[in-house]
Structures are given as C-alpha cells and as structure tokens.
Protein chains: 2
Amino acid sequence: MPLLVVGSVALDSVETPQETRDDVLGGSAVYFSYAASYFSGVRLVGVVGQDWPEEHTQLLQGRGIDTSGLEIVPDAETFRWRGKYHPNMNDRDTLEVHLNVFETFDPKLPENFMDCQFLFLANGSPEIQMKVLDQVHGPKLVVADTMDLWIEIARDELLQLLTRIDGLVLNDAEAKFLTGDDNLVRAGHKVRELGPKFVVIKKGEHGAMFFSENETYVMPAYPTSDVVDPTGAGDSFGGGMLGYLAEQGNFEPKTLKEAMAYGVVVASFNVEDFSLERMKQVERADLDARLAEYREMLSF
Amino acid sequence: MPLLVVGSVALDSVETPQETRDDVLGGSAVYFSYAASYFSGVRLVGVVGQDWPEEHTQLLQGRGIDTSGLEIVPDAETFRWRGKYHPNMNDRDTLEVHLNVFETFDPKLPENFMDCQFLFLANGSPEIQMKVLDQVHGPKLVVADTMDLWIEIARDELLQLLTRIDGLVLNDAEAKFLTGDDNLVRAGHKVRELGPKFVVIKKGEHGAMFFSENETYVMPAYPTSDVVDPTGAGDSFGGGMLGYLAEQGNFEPKTLKEAMAYGVVVASFNVEDFSLERMKQVERADLDARLAEYREMLSF
C-alpha cells in the first residue's frame, strides 16, 4: 500500500571530526521517503525554494517516490541546517538553522494523496501535522515524529495531536522531556497513555524501544564500525519501519516488531556515508541480508 | 565446575534521588559471587576489617559460596565507597573512597582454590590480578575486569595482564579510554587485539557488546521500569555470565552468548533494590523465566 509522508526537505551542512560536507540533500521527509521506498510506494509532500537542485528530485523519483506533492516556491530558499558532530558521533550541536520556505509551510495534499492508508507526519509543528490529518480520508495508520522544540513551545497542540494518531516516534531525551520521567521504560508508557497505541523511543547508537499496551521491548542498533554521518538515522529508521508496515498492509504486533528490525537495519546503512550516498548503493537484498544477520545476532 | 573470584568486598553508601543507604553490603567480588552462585559453586577471595558484620559472611555462605578465602584483618576497617546517582540512574559521582584493608590487599589463595578451572579477576590493580594468576594451576578460563584508574596509573601492567587472560570485561568509557577510539565496535576489537580471546563492553542501561575474532554482537539491557540502585549491576552481569560458563564447563561461542544473556538477566534483577536485597528474593527459576522473556523479546 502506498505510504504518504509530510515533512522537511532540506539542504544540510554536516561537520564531522573527519570531514565537512556543505549543502547536501537532507531533511526528515527525504531520509524517510528514501528508506521507505525499498518496501512500498511513497508519496512525498514538502516544500523547497528556487535553489533546489532538480537532480535531487530525480534521485527520489528514481526510487519510485511520487514527488508531485513537492512544492517549489519561487524567489525563496530551501530549508537549511548546519550541524557539528562530537567525536562520539552520537551527540551533535546545531550550528545554524534557516527555516526559509519551511517557516510558512502549509501543506496541501494533492487530491490523489488524500486516500493514502498509511501516513507518516515527519518532524514539523503539531499544528501543521494536524492540518495534514484534516486532509486525509480515514487513514488506517497514522504515525508522527516530534521534537523538543514542539514539546517546549507547542505542548498543548502536541497533546492534542497525540489523541489523533496511532503511533509516535521520538528520541530518548524528548521522551524524558515530555513526561518528566528519567526512566525510559516508564517514560515510554507515559507517552503512550497520552493517546498513541504505540510509542517508539529512538536511542541513537543504542537502538530503539517499543511500547504498546501489552508489549515493552528494546532492539539494539546494528553494531557498525563505520559511522561516517549519523544525520537522518532516525528518519531512515522511521522510513524502514513504516515502509515495511505499508508493504505488509497491517500493524499487528508481529509486523510491528519486524518493522522495527528493518528500521534498525536501514538506519545502520544510512550512517555509513554522508547524506544518501550509502543508500544509493543499497538494494532491498542488502537490507534482507543484514536483517538476517541481525536476527542471528539476537538469537541465543 | 567451581568458579574462583578475587576482588573487592565493601561496605557501600549509596545515594539515589529517592533514598540513601549507608554501609550496605557491596564490593565487586560480593556482587559477582552472589550472581554466580545461581549457576555454580563459588570460591571467594577478598579482605575485610574487624568492622565486617558476620551476617554478611553468613548470607554468602547461605548461597553455597566458599568464604574460606575471605581474610579478616584485625584492627583495620573494611573498604568503603560512597556514591551518588544522577536522576537518570545511569551516571554517578563517587563521593568518598576509603580503601582501608583493600589498599594492602595481597591475595593468598587457599591451597584447595588453586586448581579452580574458572577464574574471575574482579576489579583490582593489574599487579594484584597477576599475583593471583601466578597462584593458579593451568586454569581453563581466566576473565578479568578493569577500570579507568588502572588504565591511567598502571597501563603497562594492564597491557601485560591482557596477554595472560582469555576475556576482559570493561565499560564503554573505559574501552574508549584504553584504545583512544570513540567508536565502540572498533574499540572492542582493538582491546581484543591486545590479547584477550574475547572482550565484553558493558554499556550500563544500554546493555553489553561482545567481541571475538569472528563475532561482534550487542545484547540490550532487559528494560526495567524499576531501577532502585544500579550499584553492582556490572559485577552481577559478570557473575551471571561466568557462573553460567562454569556451569556449562566450556566457553564455546554458543555458550558465551547464552552466558551474556544470563548476565543481562541477573543484572536486571540486581538493580531493582539496594545492595543484594532484590537478589535475596530471587531463585534460579526467576532467572530462567526472565531469560525466556528476554529471548522472546529479541525474536522477530
């Protein structure tokens, strides 16, 4: 089943202890879409400026991603982010954010996107995320991401959003911040009690945790010695996860767990190079091979 | 097969955001012994002062631990440690250390301990750890723990020790410090290249990683909402792991992985209360039940 994603499309500048790359393809909806495209059709809604290189659109289309919802605003610039990673490659500082066209992003779904059954609301304000929700017709699964900024400045809207979605994906610091609980297991369930049927807490290099009414589990990150650029790892995780759910057409507990594992695997490839460079070389068979290794790793 | 452990025996004072406990039973060799006792006979070598409560010895003996190697020094005090946990219950500050009798600890193995086939050198200086090694007759498996202090002040001795042992257990910060590599996967293998056949990196609430020539894997911590006191978690992990290896009488790859899982499970119980309070209520059947849950959690 096709999967609809709405979120940021960006030109990122990334500084790591080894190397710096300027203005490379990035953004939550881009990483998500690319990762999801291994599993299902993807429909992307986002906004860019006149500086957006057409080749990026072609790259996404080359993976079968429907970019007809990618609005290009003339006389404006694309969202830009600059970040610098610490030597541990897990922590980072945001050096610059230029929202540009993303600041007034008011997503309008193309008519043929409105019936999408699987929907991912990538990072954006809860208000915008709800505007998207208002445009879709009875989706089967809605999952959202959020971030500390919205917890801080739009908590009420976020709490409202949480009552309208099936799943929420957020990172460990955000889960603690949202609930005021420093224990991640308790925090995960407290977030779930705010509305979503399930919650996924991303822990960066330490993997991800899953919470539903009857399940609590953790899946470690795939151990990699080759972390070049972690940017987009969380969105790739989400894309792998949701892509697999859309492919399977359900979100039963068993499917959700397999989807989490695919998310881990896609993210592990994504961090092996800047931007989508590593993913460009990856085929579905590579994902399946690493998934088999990962399953074996966790068997005893 | 019986398992010999040599290390610290202590009276700990632990401050958590919820509660403080003074002078409770602790020490690396104590946590290790208790955890290992679910699986195999344990022979403990350590030193205490005249202030040592006899009931602690009885508690250990009650689990079948041979305490004939526990030296009691008259007119001297037991090793004391005081620590304070941060609200995240993973990080802590050491507030006080009084080595007392442990400062001049010069372990002498009882005659009947020297033939032990399975040996764990719990935290202590590499010099002391090697002195123990000199007293055992052709052990089948030797595993050591170490800490940042020894990496800093006794690096040469530690490097010498590493060429004489089969396995090393250390935490993530120590592995980075020892190798100068911030990537844990690379760091683990670099430590292994210094001598041991296998290396285990403990990551606290994030679990543990295993490295051998042909294997790299990670096992997450069992997710618990009830972390009361993490003191001794690492030593309980080691005790569960080595105890199981001693029970099985081998350290084949398959056995090692099962042993890692038991280590995770024992540690998850240990943190549920101060000192050994939680462990006192735990039977082998509880460990097996949680192991089954843990295995299920990691299956997809």
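Quick notes on this structure:
- Every pair of residues 6+ apart whose Cβ atoms lie under 7 Å, when the first sits in segment B:202-215 and is closer than 12 Å to A:PRO220 by Cα while the second is open to solvent by 10 Å² or more (accessible area, probe 1.4 Å) and modelled with pLDDT under 95: B:GLU205/B:ASN90
- Put simply, of B:GLY7, B:GLY41 the only residue that is under 13 Å from the mean Cα position of the chain (by Cα) and touching a residue at least 12 places away in the same chain (Cβ under 8 Å) is B:GLY7.
- Just one residue in the set B:LEU11, B:LEU25 is part of a strand (DSSP E or B), of a type outside the set (Gly, Ala, Ser) and touching a helix residue (DSSP H, G or I) at 6+ places or on another chain (Cβ under 7 Å); that residue is B:LEU25.
- Scope segment B:149-194; condition acidic (Asp, Glu) and closer than 18 Å to B:MET209 by Cα; matching residues: B:ASP166, B:ASP172, B:GLU174, B:ASP181, B:ASP182, B:GLU193
- Every condition in (1) of a type in the set (A, V, I, L, M); (2) part of a loop (DSSP other than H, G, I, E, B); (3) farther than 30 Å from B:ASN250 by Cα holds for B:VAL48 except the one numbered (2).
- Looking across segment A:9-24 at every residue that is of a type outside the set (Val, Ile, Thr) and buried (at least 24 other Cβ atoms within 10 Å of the Cβ), the one that is farthest from A:ASP115 (Cα to Cα) is identified as A:LEU11.
- Whenever a residue of segment B:272-300 is within 14 Å of another protein chain (Cβ to nearest Cβ), its partners that are modelled with pLDDT of 95 or more and not in a helix (DSSP H, G or I), lying with C-beta atoms within less than 6 angstrom and at least six residues away or across chains, give the pairs B:GLU272/B:VAL228; B:GLU272/B:ARG278; B:TYR294/B:TYR222; B:MET297/A:TYR217; B:LEU298/A:LEU298.
- Residue that is most open to solvent (accessible area, probe 1.4 Å) [pool: residues in segment B:59-106 that are of a type outside the set (Asp, Glu) and within 14 Å of chain A (Cβ to nearest Cβ)]: B:ARG92
- Qualifying residues in segment A:170-200 (those that are within 9 Å of chain B (Cβ to nearest Cβ) and among the basic types (Lys, Arg)) - the one farthest from B:GLU293 (Cα to Cα): A:LYS176
- Exclusive hit being surrounded by fewer than 18 Cβ atoms within 10 Å (Cβ to Cβ), farther than 27 Å from A:MET89 by Cα, acidic (Asp, Glu) and at pLDDT 95 or above, set B:GLU247, B:GLU252, B:GLU213: B:GLU252
- Remark: pairs (first residue in segment B:244-264, assigned to a loop (DSSP other than H, G, I, E, B); second residue modelled with pLDDT under 95; Cβ separation under 6 Å; 6+ apart in sequence or on different chains) = B:GLY249/B:MET1.
- Subset tally (residues that are more than 23 Å from B:MET147 (Cα to Cα), in a strand (DSSP E or B) and not hydrophobic (A, V, I, L, M, F, W, C)) for segment B:69-124: 2
- The number of residues in segment A:220-236 that are more than 12 Å from every other protein chain (Cβ to nearest Cβ) and in a loop (DSSP other than H, G, I, E, B) comes to 3.
- Within segment A:185-197, the set of residues being surrounded by fewer than 22 Cβ atoms within 10 Å (Cβ to Cβ) and not charged (D, E, K, R) comprises A:VAL185, A:HIS189, A:LEU194, A:GLY195.
Let's see how each residue does on (1) open to solvent by 60 Å² or more (accessible area, probe 1.4 Å); (2) in a loop (DSSP other than H, G, I, E, B); (3) farther than 18 Å from B:LEU3 by Cα:
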residue: B:VAL132; (1), (2), (3): no, no, no
residue: B:HIS137; (1), (2), (3): yes, yes, no
residue: B:VAL142; (1), (2), (3): no, no, no
residue: B:ILE151; (1), (2), (3): no, no, yes
residue: B:ASP156; (1), (2), (3): yes, no, yes
residue: B:GLN160; (1), (2), (3): yes, no, yes
residue: B:ILE165; (1), (2), (3): no, yes, no
residue: B:ALA173; (1), (2), (3): yes, no, yes
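- The combined condition, being at the interface with chain A (Cβ under 8 Å from one of its Cβ atoms) and closer than 25 Å to B:GLU152 by Cβ, is fulfilled by B:LYS203.
The values are calculated or read from the model by the stated rules, or taken from the named source; none is laboratory data. Predicted model only: the values in this text are computed from it and were never measured. Counting neighbours? That spans all protein chains shown, and the Cβs are built from the backbone with ideal geometry, glycine included. These area figures cover heavy atoms from the full protein model, side chains too; ligands, DNA and RNA do not enter into them. Shrake-Rupley method; radii C 1.70, N 1.55, O 1.52, S 1.80 Å.
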